[in-house]
Amino acid sequence: MEKNMLVYAMSSRERLEILSSHYNDYKEDNVSKWLSRRSLCTEELFELSLKEQKISREKFNLAIKTLDENDIMALNKANKKKNWYQKAMEIFGDEYLYLKEPEIIDFAYAFRPFLNYMKNEMEKVELADFTISENAGFLIHLAEEFVQIASKTLVYDLHEQKKKYEFEGKTSKERFVYYMKKRFGSKASIINFYEEYPVLLRLLTERVLFHVDNYKQFIKAIQQSLPELRDKFSIMEPYQVTEISVGAGDSHGRGKTVVLFNLNGQEFVFKYKDLEIGERFNKFLDYLEKRIGKKFYKIKRITNEKYCIEEFISNRECKTEDEIIKYYHRFGEYVALAYLLCGNDFHYENVIAHGEFPVLIDIETLIQNDSPIKRADNPYVKLSEKKYSSVLSTALLPFKAYENRIEPLAEGEVKGKGINISAFDGSKQKSPYKGLSLINENTDQVKFQYTEFELNGSNNIPILNGAEVNAEQYKSEVVKGFEDICQYFCKNTDEIISVIEDIFSNVVVRNVIKTTQKYVDMIWYGYHPKCMRDYLEREKLFENLWAFEYKNKSAILPEIKDLLLDDVPIFFNNTSSCDLITSDKLIIPNYYQKTAIERVKERILKFDEKEYKYQKLRLELSLGIYKMQKEPLKLGATIDEAVKNIVDIIYRRASFDKARKFIAFEDFLYELDGTLDYDALKIELYDGLSGVYLFILYYAQNNTSPQVEILKYALEKSIFKMPKKKEKNYIISAYDGKYSVLYPLYHKYKLEKKEEDLELAENLLADIAEEVNQNTRADWVNGVSALIQVLLGYYELTKRKHFLDKAEMLSEIWDKEKIVLCGFAHGFSGVIYAAYSLYRATGNEKYFDRVERYLELENKCFDGEVWKDLRKGKKSVSYWCHGTIGIGLTRLYLLKNGFDNDQVRADLLNCVDNVINMEFEEPGICHGNMGRFLFLKEVQNSEMISVATRKKINVLLSSMVKNILDNGIKINSFDKKCVLGLMTGITGIGYGLLGEIESSIPNILSLDR
C-alpha cells in the first residue's frame, strides 16, 4: 500500500504539522475559498473555531492548501508513521485470507480483512477463571457497523464501476457478486479500492482497533468482577459466559456500547461507564420506602470507575389487574421523581415494564444541569422553554419528537406530526416520514431510496394474560402516583433537600447537551463518498456545528472530535461542579453558572401549589385526560366597558421581550391531530396571534392608549414578517400557517394604506404554487377555500390580477380532494361559499356548476330538521364549523348575491329557525353563542326572512347582549386565565361586541372584506 492517495486521510492539523516546516511565506488565499462554500458556519464563527483550536488563520490557510507533488511526498512520509496506517498494513497483510471465499458474498465481503483481524485479536485474549462459549456477538456488531459506515461509498462505487466496464453475469445478483470479487477479491484489488477512499480506510482501521480494545476491557471487567458476581447474584463456579450481544445502545467514547451477556444462566448488562448515580438513586428510593411506605424496584449492579454490570431487566408479565394498577401508579411516581430531581431522556427504550414495577434502566441522566442552549430574548421562545422544561422534559410522558424532519413524508401523513418516543407507550408506530434505506441489496441495482418504515415497539407496556394492556384506562392512576410524590415533597421540603444534598452531591452524571438524533444525522451525512475521499470534507461538514446556539461554545470542539471518530458525542458533569467533562475526560471549566445539585434544590424550593398545578396540567394534557374547566367572568355593565376590559385581559396575559417589541401568549390550543395543548400561541388566525391582532386593529381605530399601542405594535412585529428561507410551508390555509396573516394584513392595508403591507402580502404569496402538495386540503379552515376568499379580497381592493390567478390556481385542489362532510369549516358549505365568490369574480361556469353540485350533495344529508354530521360518532349541531350556522351563512350569501333558488331559501329558513331555538354552553364563535349572535346579526335585516322572524331575532340579539353585560360569561380557563383565541376564546367575544359599537368591523364568520 504505497500509493500517495492515503495522505488525504490526514486531518488539517496533521497536514499542518508537516507543511509548516516546508513553507515560510505561503501567500495563496485558501480560506476565502473555504468560507465561500455553503455552510452554517459564518466567518465570525469560523474565527471562533480557530481560536478554540488554538490555530491562526494563516496556519489553517496552509493546512487546507491544494497538495502538490512535494507536499504529498512529505505528508506520505509522515503518514506512514501513524498507528492507523501501520495497523492497516498489518490488517491487509494476511495473504491466506484472500484464498478463502465465503459461501455468501454481500457488502461484508469488503471488510473481511478487518473482521479477520478482530477475530485473531480476540483469540489472543487469555481467559482466566471463566470460559466463553460463543463471542461472535462482537464480530457481528463490527460487521453491522462497518456496513453502516461504508454502504454509501460501496453503492456509489458500484455504480461508478458500472460506467467503466460491463459486469459479468446473467442475473442482477450474479453481476453484484462479480463486482464484489473484482473490487475486493484479491489483496491488490481491495487495496486499490481503499486507496481511492482513504478516509474510509482510516475510519475502519481506527474503529476495529477500538473494538479490539473494548473486547479486552470487557474480558478484564468480567474477570475482575467474578467475586462480586458470585456474592451479589449467587453465581457459582464454573463460570461460563454465553449469548453475547453487542450494540444495545449508541457508540460513545471510541466505539463503546452496551453489551448483553449470560453468565451461568443469568442475564446481565455491561456498560463501559461508572454508574454510581444508579446506586445513589437506589439509596434515595430506600429513603422514600421508609418514609412513605412506597415500594420500588431497585436494580442490582456492580459499579467500577470504568464499567458497570447490571442485572438484565426483562419485560415480565403481570399476574393480576391489581398489579397493572400498581404499575401505572408507580409510573406517575417516577414522573414526579424524574422531574423534581431534574432528570431527562427517560424515553421508551429506558423504561421496562417488569411485572408491577416500571424500572428506569438508564438512570445516568438524573440531576441534570441547566440547558446549555442560548435562548433569544423572545417571549415565544421563553414560553416554549417553560413548556419543555416541565414534566415533559423527562420523556416519560407522551410528547411529539422529530416534528420537523427534512425527509419526505410517508403516504397520507402531514408535516409536523412527529413521533411519540415517550416511556408511557412504546407500542409499534408508523413513521410519519420516510427513511433512507438500502433497496435491491446484493444486486447490481442496489441503491438508497426513501421508504416508509415502522418504529419497533419497546418493553414498557405491562402484559396481562399474554397481551399488552391498554394504558388508556389507567391514566388516572398515573396522576394519583404523581400527586403522592409531589405532596410529600411539598410537605417535607427542608428534609427532602437535606436528603438529596447528602445522597446526590459529588457524583458524576451524563449530560445530554444536544439530542442524540442531531449527532446521528451528522454522522450519517459524514458517510458521503466525498467525505471518504478527503478528510477535509469531513471537517468541513462538521464545521456546521459551530452554528449551534450554545451559551458556551467550548463543547463544540470535543463534539467534532468525537464525530470524526464516528462516535456519538458524550459529556459528563459532577453534580457538585460547574465543569463539563468530555468523552476523553478533559475538563471544560465553569461550563455552567451553577451546580446541578443547586438546580435541583432550587426546583424543589420553588415547587409550591401554583407550580404543582401547572405541572399537573402538563401531565394531564400529555395523557390526553385534561378537562377544561369553565369559570365565570364578569365583563362590564356596558358594551364599551366590556370591550375595554377584554383588551385589558389580553394585555395582562401578554409576555413581552425587554424592549416590548415582540409579544407572546400562553393559552390552550388544539394541535393538528386534535389534541389539546397549553402552549405559546402561534401566528394562526383561528386561535393565535393573527386573530388577536385583528381585534386589536379594529379596536385601535377609535380607542387609543399606551396599552393598545403597545399591543398593536408588538403584534405587528411578531406576525408580519417573512419566514426564514429555509422554512417550507406545508399548510395552505387562511387560518393556520404563514398564510394565516394574510387576512389581518388585508385589513391593515385597507385601513392604513401602507404599501409595505401589500408588498409583504405579495412576497408571502410568491412561492405558493410550489408549496401546494399532495397534502393540501380543499375545505375552508384546513384548506384552500378560505384563502381563496382572502385572495379575492386583495384582488377586489387592488385590481392586481395575480391575486385572482393564485385564487384560481388554488381552486384546482377542489378537483383533487373529495369533500365528504356537511358544514362550513370542513364541508360542502365552505367550498360553496368560495366557489360562488370565484364565479362572481370570473364568470367561469365551472365554479357555478360546483356550487350547484355541492348544494345537491349537502342537501342529501338533510333529515327534515338539520344536516347530519357525517363524522364518526358525532351528532348534528348548530355550530359555525359543522352545523346550521355555517350552512345558513352560505345560503344567505348565495341569496344576497343573485343565486335565487327556492331550495336555498328553504335551507336558510331551516337554519335560522334552528339557530334561534338553540342555545350553547360555549360563549365563543366557533362552537358557541357568539357565533350564533354574529350569524343572526347577518340575517337580521335580510328580506328573505319574515317580519315576525326579524322581530324575534332583534329581541334575541338584545337579550344576548344584555345577558353578557348583566351576568358575564362562563369560559374555559386555567388558574383564572381564560382562553384567549378569536374563534373559541375571549378575543372572539370582544370582536363580536366591538361590532355593536363599530359598524365597519367585518364579519369574521366568512372572512368579510
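The values are calculated or read from the model by the stated rules, or taken from the named source; none is laboratory data. A quick note: this is a predicted structure, and the numbers were derived from the prediction, not measured. Glycine gets a Cβ as well: all are built from the backbone with ideal geometry, and neighbour counts include every protein chain shown.
Is it the case, given these coordinates, that Ser251 is closer than 30 Å to Met532 by Cα, crowded, with 18+ Cβ neighbours inside 10 Å and either among the hydroxyl-bearing types (Ser, Thr, Tyr) or in contact with a Cys (Cβ under 9 Å, 6 or more places away or on another chain) (or both)?
Criteria met by Ser251.
For the range 653-671, name all the residues that are surrounded by 15 or more Cβ atoms within 10 Å (Cβ to Cβ) and of a type in the set (A, V, I, L, M, F, W, C).
Ala654, Phe656, Phe662, Ile663, Ala664, Phe665, Phe668, Leu669
It is to be established whether one or more residues within the range 171-183 are of a type in the set (Lys, Arg), in contact with a Phe, Trp or Tyr (Cβ under 7 Å, 6 or more places away or on another chain) and surrounded by 15 or more Cβ atoms within 10 Å (Cβ to Cβ).
The answer is yes, given that some residue of the range 171-183 is of a type in the set (Lys, Arg), in contact with a Phe, Trp or Tyr (Cβ under 7 Å, 6 or more places away or on another chain) and surrounded by 15 or more Cβ atoms within 10 Å (Cβ to Cβ).
Are there any pairs with C-beta distances below 7 angstrom linking a residue in the range 277-291 that is among the aromatic types (Phe, Trp, Tyr) to a residue that is crowded, with 18+ Cβ neighbours inside 10 Å and not in a helix (DSSP H, G or I), with the two at least 6 apart or on different chains, and if so which?
From residues that are among the aromatic types (Phe, Trp, Tyr), the pairs are Phe281/Ile363; Phe281/Leu366.
Could you grab me the full set of residues in the range 538-582 that are aromatic (Phe, Trp, Tyr) and farther than 22 Å from Arg254 by Cβ?
Trp546, Phe548, Tyr550
Just checking, which of Ser36, Ser11 is closer than 30 Å to Asn192 by Cα and of a type in the set (S, T, N, Q)?
Result: Ser11 is the single residue among Ser36, Ser11 that is closer than 30 Å to Asn192 by Cα and of a type in the set (S, T, N, Q).
What strands (runs of 3 or more DSSP E) completely inside the range 167-284 contain at least 3 residues that are of a type in the set (Val, Ile, Thr) and farther than 30 Å from Asn574 by Cβ?
Here the list reads 239-246.
Okay, residues lined up against (1) touching a residue at least 24 places away in the same chain (Cβ under 8 Å); (2) farther than 30 Å from Arg618 by Cβ; (3) in contact with a Pro (Cβ under 9 Å, 6 or more places away or on another chain):
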{"residue": "Arg950", "(1), (2), (3)": "no, yes, no"}
{"residue": "Val955", "(1), (2), (3)": "no, yes, no"}
{"residue": "Ser959", "(1), (2), (3)": "no, yes, no"}
{"residue": "Lys962", "(1), (2), (3)": "no, yes, no"}
{"residue": "Lys976", "(1), (2), (3)": "yes, no, no"}
{"residue": "Gly981", "(1), (2), (3)": "yes, no, no"}
{"residue": "Gly988", "(1), (2), (3)": "yes, no, yes"}
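Quick check on the range 269-287: of everything there that is over 31 Å from the mean Cα position of the chain (by Cα) and of a type outside the set (A, V, I, L, M, F, W, C), which residue is nearest to Glu305 (Cα to Cα)?
Of everything passing the filter in the range 269-287, Glu276 is nearest to Glu305 (Cα to Cα).
Assess whether Arg207 counts as being of a type in the set (Lys, Arg), buried (at least 17 other Cβ atoms within 10 Å of the Cβ) and either out of contact with any helix residue (DSSP H, G or I) (no Cβ under 8 Å at 6 or more places or on another chain) or over 30 Å from Asp157 (Cα atoms) (or both).
no
Let's see how each residue does on (1) farther than 27 Å from Leu633 by Cβ; (2) under 46 Å from the mean Cα position of the chain (by Cα):
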position	(1), (2)
Gly873	yes, yes
Tyr879	no, yes
Asn901	yes, no
Asn910	yes, no
Pro923	no, yes
Asn929	no, yes
Arg932	no, yes
Leu936	no, yes
Asn941	yes, no
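Looking at the range 207-223, I want the residues that are of a type in the set (Lys, Arg) and have a partner that is assigned to a helix (DSSP H, G or I) and modelled with pLDDT of 95 or more with Cβ atoms under 9 Å, at least 6 apart or on another chain. Which pairs are those?
Taking only residues 6 or more apart or on different chains, the pairs are Arg207/Phe114; Arg207/Leu142; Arg207/Glu145; Arg207/Phe146; Arg207/Ile149; Lys216/Glu121; Lys216/Met122.
Does Gly416 satisfy the condition of being in a loop (DSSP other than H, G, I, E, B), touching an Asp or Glu at 6+ places or on another chain (Cβ under 8 Å) and not aromatic (Phe, Trp, Tyr)?
Against the criterion (in a loop (DSSP other than H, G, I, E, B), touching an Asp or Glu at 6+ places or on another chain (Cβ under 8 Å) and not aromatic (Phe, Trp, Tyr)), Gly416 qualifies.
Can you name the residue in the range 772-831 that is among the polar types (S, T, N, Q) and out of contact with any helix residue (DSSP H, G or I) (no Cβ under 8 Å at 6 or more places or on another chain) and is also surrounded by the fewest Cβ atoms within 10 Å (Cβ to Cβ) among such residues?
Only one residue fits best here, namely Gln774.
Here are some conditions: (1) in contact with a His (Cβ under 7 Å, 6 or more places away or on another chain); (2) under 24 Å from Lys295 (Cβ atoms). Ile421 meets all but one. Which one does it not meet?
Unmet condition: (2).
Search the range 826-860 for residues being touching an Asp or Glu at 6+ places or on another chain (Cβ under 7 Å) and touching a residue at least 60 places away in the same chain (Cβ under 8 Å), and hand back the single one that is farthest from Ala778 (Cα to Cα).
Ranking the candidates gives Ser829 first.
Does the range 236-246 contain any residue that is surrounded by fewer than 19 Cβ atoms within 10 Å (Cβ to Cβ), among the polar types (S, T, N, Q), over 36 Å from the mean Cα position of the chain (by Cα) and more than 18 Å from Tyr334 (Cβ to Cβ)?
Taking every residue of the range 236-246 in turn, at least one turns out to be surrounded by fewer than 19 Cβ atoms within 10 Å (Cβ to Cβ), among the polar types (S, T, N, Q), over 36 Å from the mean Cα position of the chain (by Cα) and more than 18 Å from Tyr334 (Cβ to Cβ).
Out of (1) crowded, with 23+ Cβ neighbours inside 10 Å; (2) more than 24 Å from the chain's Cα centre (by Cα); (3) free of Cβ contacts under 8 Å to residues at least 60 places away in the same chain, the odd one out for His354 is which?
Result: His354 passes all but (1).
Suppose we filter the range 926-944 for residues that are part of a helix (DSSP H, G or I) and not aliphatic (A, V, I, L, M); how many remain?
Qualifying residue count for the region: 8.
Looking at Asp370, Asp362, Asp322, which is the one that is of a type in the set (D, E, K, R), more than 27 Å from Gly249 (Cα to Cα) and out of contact with any Ser or Thr (no Cβ under 7 Å at 6 or more places or on another chain)?
Of Asp370, Asp362, Asp322, the one residue that is of a type in the set (D, E, K, R), more than 27 Å from Gly249 (Cα to Cα) and out of contact with any Ser or Thr (no Cβ under 7 Å at 6 or more places or on another chain) is Asp322.
Out of Asn967, Asn941, report the one residue that is touching a strand residue (DSSP E or B) at 6+ places or on another chain (Cβ under 9 Å) and either surrounded by fewer than 20 Cβ atoms within 10 Å (Cβ to Cβ) or free of Cβ contacts under 8 Å to residues at least 24 places away in the same chain (or both).
Being touching a strand residue (DSSP E or B) at 6+ places or on another chain (Cβ under 9 Å) and either surrounded by fewer than 20 Cβ atoms within 10 Å (Cβ to Cβ) or free of Cβ contacts under 8 Å to residues at least 24 places away in the same chain (or both) holds for just one of Asn967, Asn941, which is Asn967.
Taking the criterion of being within 30 Å of Val915 (Cα to Cα), acidic (Asp, Glu), out of contact with any Gly (no Cβ under 8 Å at 6 or more places or on another chain) and not in a loop (DSSP other than H, G, I, E, B), would at least one residue in the range 854-865 satisfy it?
Looking through the range 854-865, at least one residue is within 30 Å of Val915 (Cα to Cα), acidic (Asp, Glu), out of contact with any Gly (no Cβ under 8 Å at 6 or more places or on another chain) and not in a loop (DSSP other than H, G, I, E, B).
Looking at Gly888, Gly898, which is the one that is assigned to a loop (DSSP other than H, G, I, E, B), of a type outside the set (A, V, I, L, M, F, W, C) and closer than 21 Å to Val939 by Cα?
That would be Gly898, the only listed residue that is assigned to a loop (DSSP other than H, G, I, E, B), of a type outside the set (A, V, I, L, M, F, W, C) and closer than 21 Å to Val939 by Cα.
Every residue in the range 852-888 that is surrounded by fewer than 24 Cβ atoms within 10 Å (Cβ to Cβ), of a type in the set (A, V, I, L, M, F, W, C) and within 17 Å of Val831 (Cβ to Cβ), please.
Leu855, Leu857, Cys861, Leu870, Cys881
Taking the range 450-496 as the search range and keeping residues that are under 30 Å from Arg405 (Cα atoms) and among the aromatic types (Phe, Trp, Tyr), which one is nearest to the chain's Cα centre (by Cα)?
Phe453
Quick check, is Thr171 in contact with a Lys or Arg (Cβ under 7 Å, 6 or more places away or on another chain), over 19 Å from Lys530 (Cβ atoms) and not aliphatic (A, V, I, L, M)?
no
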